Amino acid sequence: MHRVTTLSDERPRFRGVCGLRETVRAEARGSSWLGMLGRGLVVCAALLSFAGCPTGSDNTIDDAPPTELTAEQVQLVDSALAQFAATNHTLISLRGLIAGIKTIETGAAASTDTCPTVSVSTDSDTTDVLLDFSDAGCVDSRAGDATRAGVIRYSTTPATRNGDVTFESFQVAGDAITGTANLSWLDRTADQVTLSGTLDFTDASGNAYGIVTLTLRDTGLLTYTNGFWQFSTLATDLELKQPGDGSGNVIIDPTDNPNLLPYTGIVAFDTSGGGRIEIIFDTATPTTRTVTVRIDEAYEFPYQIR
């Protein structure tokens, strides 16, 4: 059960014109016919603005807020979180591009890391950066504790700073990743790189297609500064945003965070029925696996990630 935390007090029950009609009937007993006529004219005028009144003794209107997520909302939240997590595990695997792009720009030797090993080769105008996690697989301690295997290839034209990401028998925790991404590097420093472009990934949880701008640090810190994706399980655009009216800045620190859950930011999407769901992360999320789910910008529910 996911109980509600209301954003405002429950609206009171009330009796409208229909309740007034019952009052008039009660007061009619023992009242003069002139008084009854006067009150009756007032009530009749009011009733003209209504389609009618319900019959029976209960004429109240109950506008109480929901107390828990519906089964459909729970399914949507679970699906969004599952595909978001899978995409995080794929994108954080690109951390080795920091060393590869540094080699392209400066000629410096590639990283001495062994998971993955990073190599750079040039053929005519195209340069390939290979991130090799080996056939047997290895664990990159700066990208969570999942075992990765296979190769990620980044084929780029250095003059344009644009390139394509492809996967060669690549797996994360035994889950095969296929698809491509077209990413340009916008900026690189000694310990980080900012990438921007389109992605089209498929894994066991489904397909993720859209645009993204992200920054990867050598420590593994992953920051989304922009993101609009469509997940196959949702069939709607998913937006990454910061609390308030800012966009992007969904931040993931992989340290002691094997599920790669953000410690700040919001994942938001519209439902097919016209509603809106926002999944809000906070500093406790990576440890407690809890988030806040906001429905239609009106009601908030604490939610335990399953």
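The values are calculated or read from the model by the stated rules, or taken from the named source; none is laboratory data. These figures come from a predicted structure and were not determined experimentally. A quick note on method: Cβ atoms are made from the backbone with ideal geometry, for glycine too, and the neighbour counts reach across all protein chains shown.
Answer yes or no as to whether residue 224 is touching a Pro at 6+ places or on another chain (Cβ under 6 Å) and either at pLDDT 90 or above or not small (Gly, Ala, Ser) (or both).
So residue 224 does not fit the description; no.
Scanning for something surrounded by 20 or more Cβ atoms within 10 Å (Cβ to Cβ), over 19 Å from residue 182 (Cα atoms) and touching a Ser or Thr at 6+ places or on another chain (Cβ under 9 Å), does the range 106-118 turn up at least one residue?
Yes, the range 106-118 contains at least one residue that is surrounded by 20 or more Cβ atoms within 10 Å (Cβ to Cβ), over 19 Å from residue 182 (Cα atoms) and touching a Ser or Thr at 6+ places or on another chain (Cβ under 9 Å).
Inspect the range 231-248 for any residue being assigned to a strand (DSSP E or B), of a type in the set (Asp, Glu) and on the phi < 0 side of the Ramachandran plot and give the result as yes or no.
yes
Find the strands (runs of 3 or more DSSP E) located wholly in the range 119-210 whose residues include 1 or more that are surrounded by fewer than 17 Cβ atoms within 10 Å (Cβ to Cβ), of a type in the set (Phe, Trp, Tyr) and at pLDDT 95 or above, and list them.
none
So which pairs qualify, if the first residue must be in the range 68-81 and closer than 12 Å to residue 277 by Cα and aliphatic (A, V, I, L, M), the second must be surrounded by fewer than 14 Cβ atoms within 10 Å (Cβ to Cβ) and modelled with pLDDT of 90 or more, the Cβ gap must be under 9 Å, and the two must be at least 6 apart or on different chains?
Partner pairs satisfying both residue conditions: none exist.
Return the residue satisfying two criteria in turn: it lies in the range 278-299 and is assigned to a loop (DSSP other than H, G, I, E, B) and of a type in the set (A, V, I, L, M, F, W, C), and of such residues it is surrounded by the most Cβ atoms within 10 Å (Cβ to Cβ).
Of everything passing the filter in the range 278-299, 298 is surrounded by the most Cβ atoms within 10 Å (Cβ to Cβ).
For residue 258, only one of the following conditions fails: (1) within 14 Å of the chain's Cα centre (by Cα); (2) touching a residue at least 24 places away in the same chain (Cβ under 8 Å). What is its number?
Going through the list (1) within 14 Å of the chain's Cα centre (by Cα); (2) touching a residue at least 24 places away in the same chain (Cβ under 8 Å), residue 258 breaks only (1).
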